Amino acid sequence: MRQWLRREPIVIQAGVGAVLRDVRGREYLDANSSIWTNLHGHCHPKLDAALRLQLKRIAHSSALGLANEPASRLAARLVAAANAENKRAAGVSPKHSVLATTSKVFFSDDGSTALEVALKLAYEYTRRTRGPKTRPRFLSLQGAYHGDTVGAVSLGQIPLFRKAYTGLLFNVDQVPAPYCYRCPYNRARPERADARSYRQCQWECVGKFEQVLRARKKKRAEPYAAFVFEPLIQGAAGMIPQPSGWLSRIVELIRPDRTLLIADEVMTGFGRTGVLSDSTADAPVGTDRGRAVARQDGIFATTRLGVKPDFLCLAKGLTGGYLPMAATLTTQAVFDAFLGEHEEFKTFFHGHSYTGNQLGASVALASLDVLESRDSIRARARLQQAMNDSLQLLWGLPNVGDVRQVGLVVGIELVKNWRTREAFDLRQQIGARVCDAMARRGVLTRPIGNVIVLMPPYCTTPAQVAKMAAVMAEAIEETMGRAGPLGRPRRV
Ligand SMILES: *Cc1c(COP(=O)(O)O)cnc(C)c1O
């Protein structure tokens, strides 16, 4: 905090599209979509109009014991999107995928509470179905981040975030994340390409996962209650993308135990993981094909992969980045475990004051309309390609170790030397210094340690993406030039 107090913050006053403006009139590109929340740009006319229209009716009324139309309509839309069939998904064998179809929606306010709700439901569902003596235990991925409330921190595996609160947390078992760039089993020497594309391994990470499950059986411990994961790419863990086929292998291993799957799509949801093919984007104008194909590909990572979780947690992009709102989708089976007459007290004792908020639900519906429009699909296909093209120049820098892109999310990992993958000491704050240098050049983003995140709003133009990449390259060169390979942190 001393560092924060030492300087004047950038004070944001306005924004339009991918551009933010501060109180002094300086403009910046919003290169991380305002911490991964914004989808279609700031001050989007359709989202603004939906909010204004809803404001003429009501801003909020309690959804405890009452219903409202926007929230109900949103729930139906989310269920439809979550169950969209993707015929092209490599997917999991049907016998595992039919186990879960999400059909119920629980609204809350942010990603942490979306996970908190899934955790509590999974815990109590397990006790009710396996018997009261059961002690539900959870499994999550190395480096996992699932939010900052106490239950969500327990599910997470970032030691720095857990340390101070150990006494408040419960233990969650950990399995290796498929971090190809730093994988101890990847025998490939570093190349100038995404580490997933040239990895040499025998899926040892999946083998380790299997060992964890087997060890539990050997101890005659009951199967895990639930496995929590981010599909396709782990965000706050450092933008760690999963090699193709990893998740379906994991699901095949864990499903026979009837372990529940909790998919955290707080970051990956709502189109972030990209559009599958250019032909989608080029569907002839005047036909409905663009929309139909996009639905098939899915707006969630799980639908794209053909994985059906028991819980789907959504937040960040749900309202297009306008208002705090979250949703936890679950199955009829989980719902039924909480079904009873009043005197049975089987209900889920959890509820938030602003649950089902009408303004949030209205803007979320407008955001889904935009997301499913042909124009948006086309724009995302173009942006995805533009990001790929623009980022190629980073491979020319010796301090860029890995450039990993999943759709419209990119992580650039900075290293002392790409040939050795040697990491910078976090105390050098290399990532933060590169982001400071980018901010001075009019591009705003935040690092995760030594990883620079690029996650622009979907309305970002190819020229704006090219600027983000060029500015990042300059900022890396400036920071490294000043720091030198073994440089000390610059004094603030
Ligand atoms: C941001 C994030 C959360 C927490 O969401 P908040 O709205 O910040 O509470 C949980 N999971 C993932 C994957 C996230 O990226």
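In bins 10 Å wide, starting from 0, what share of all Cα pairs of the chain does each bin hold, as a percent?
4, 19, 30, 28, 15, 4, 0, 0
For segment 69-373, what number of Lys pairs, 8 or more residues apart or on separate chains, have alpha-carbon atoms under 25 Å from each other?
27
Using the alpha-carbon centroid of each, what span in Å lies between segment 342-372 and segment 1-65?
Comparing the Cα centres of segment 342-372 and segment 1-65, I get a distance of 21 Å.
If we sort 388-398, 127-137, 311-321 on the protection proxy, mean other Cβ atoms within 10 Å, highest first, what's the order?
Ranked from most to least packed, the peptides come out as 311-321, 388-398, 127-137.
So for the chain: antiparallel DSSP bridges make up what percent, rounded to the nearest 5?
Given both bridge residues lie in the chain, the antiparallel proportion sits at roughly 70 percent.
Tabulate in residue order the Karplus-calculated ³J(HN,Hα) for segment 419-426, using 6.51 cos²θ - 1.76 cosθ + 1.60 with θ = phi - 60°, rounded to whole Hz; enter x for Gly and Pro.
So the Karplus estimates, Gly and Pro as x, are 6, 10, 6, 4, 7, 6, 5, 4 Hz.
Report Trp4's accessible area, 1.4 Å probe, all protein chains in place, as a number in Å² to the nearest 10.
150 Å²
Quick check on packing: order 30-36, 100-106, 54-60 by the mean number of other C-beta atoms within 10 Å, highest mean leading.
Details: 30-36: 22.4, 100-106: 19.9, 54-60: 12.9.
Ranking the peptides 30-36, 100-106, 54-60 by packing returns 30-36, 100-106, 54-60.
Around Leu78, under 12 Å between beta carbons, what's the net of Lys plus Arg minus Asp minus Glu among the other residues?
+2
Non-local amide H neighbours of Arg446 (under 5 Å, H modeled in plane, Pro and chain starts lacking H): which ones?
Hits under the 5 Å cutoff: Val453.
Heads up, I need the accessible area for Lys208: 1.4 angstrom probe, whole protein in place, Å², nearest 10.
About 70 Å², ignoring ligands and nucleic acids.
Skipping prolines and chain starts, which residues have an amide H placed within reach, meaning under 5 Å, of the one on Thr101, given they are 5 or more residues away or on another chain?
Answer set, sorted by chain and number: Gln332.
Want the number for His342 to Tyr198: 0.36 nm per residue separation, take away the alpha-carbon distance, what's left?
Gain on extension, His342 to Tyr198, equals 46.0 nm.
DSSP loop (so not H, G, I, E, B), at most 16 other Cβ within 10 Å: list which GluC sites (Glu not before Pro) in segment 142-238 pass both filters.
Those that pass, being in a loop and sparsely packed, are Glu191.
Quote the charge dipole size of the chain about the Cα centre in Debye, to the nearest 20; the model charges only the Cβ of Lys and Arg (+1) and of Asp and Glu (-1).
Details: 67 positive and 44 negative charges, 255 e Å.
The dipole of the chain has a size of about 1220 debye.
If packing is taken as the average number of other Cβ atoms within 10 Å across a peptide's residues, how do 138-145, 328-335, 371-378 rank, most packed first?
Highest mean packing first, the order is 138-145, 328-335, 371-378.
Can you sort Tyr123, Tyr185, Tyr458 by solvent-accessible area, 1.4 Å probe, largest first?
Putting Tyr123, Tyr185, Tyr458 in descending order of accessible area: Tyr123, Tyr185, Tyr458.
Solvent-accessible area of Glu474, probe 1.4 Å, all protein chains present, reported in Å² to the nearest ten, please.
That residue has around 90 Å² of solvent-accessible surface.
The values are calculated or read from the model by the stated rules, or taken from the named source; none is laboratory data. From a predicted model like this one, the values you see are computed outputs, not experimental measurements. Don't worry about glycine lacking a Cβ; one is built from the backbone with ideal geometry, like all the others, and counts go over all protein chains shown. Each accessible area value is taken on the protein alone, full model and side chains, heavy atoms only, with ligands, DNA and RNA left out. Shrake-Rupley method; radii C 1.70, N 1.55, O 1.52, S 1.80 Å.
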